[in-house]
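First the structure, in the form of structure tokens, and then the observations on it.
The values are calculated or read from the model by the stated rules, or taken from the named source; none is laboratory data. The structure presented is a predicted model; accordingly, all values stated were derived computationally and were not measured. Methodologically, a virtual Cβ is constructed for each residue, glycine included, from the backbone with ideal geometry; neighbour enumeration extends over all protein chains shown. Remember, those area values only see protein heavy atoms, side chains included, never the ligands or the DNA or RNA. Shrake-Rupley method; radii C 1.70, N 1.55, O 1.52, S 1.80 Å.
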Amino acid sequence: MAELKFEITQSIACLSQEKSGWTKELNKVFWNENPAKYDIRSWSVDHKKMGKGITLTGQELQQLKSVLEELL
């Protein structure tokens, strides 16, 4: 299995923190040398391990913002 390469280029917000120290975060991340995308997922304290998450382009993030504004 190929190694997953990633780099957090911008830490935007910590959305929550578990007792274990893992945090759910919104970051901008390069995945496998592709253009950076917005990313929501859980991270270990040292950011070496991650949980499942979702990546969004800037346009998808804008669409999500519009939907959330309608809900709230």
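Results, tabulated for the structure shown:
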quantity: Cleavage-rule hits (trypsin sites (Lys or Arg not before Pro)) in segment 22-51: DSSP loop, at most 15 neighbouring Cβ within 10 angstrom; calculated: 48, 49
quantity: Per residue, in Å², the accessible surface of the chain once ligands and nucleic acids are set aside, probe 1.4 Å; calculated: 80 Å²
quantity: Exposure rank, largest accessible area first [42, 11; 1.4 Å]; calculated: 11, 42
quantity: Dimensions in Å of segment 23-67 - Rg and Dmax from alpha carbons; calculated: 11.2, 33
quantity: Rh (Kirkwood; distinct C-alpha pairs) - segment 1-47, Å; calculated: 11.3 Å
quantity: Carbon + sulfur, % of accessible area of the chain - ligands and nucleic acids excluded, 1.4 Å; calculated: 52 percent
quantity: Candidates per GluC sites (Glu not before Pro) in segment 1-62, loop by DSSP, up to 13 other Cβ within 10 Å; calculated: 3, 18, 33
quantity: Contact order normalised by residue count of the chain, Cα under 8 Å, 6+ apart, percent; calculated: 22 percent
quantity: In the chain, lysine pairs with alpha-carbon atoms under 13 angstrom apart (chain gap of 8 or more, or interchain); calculated: 5
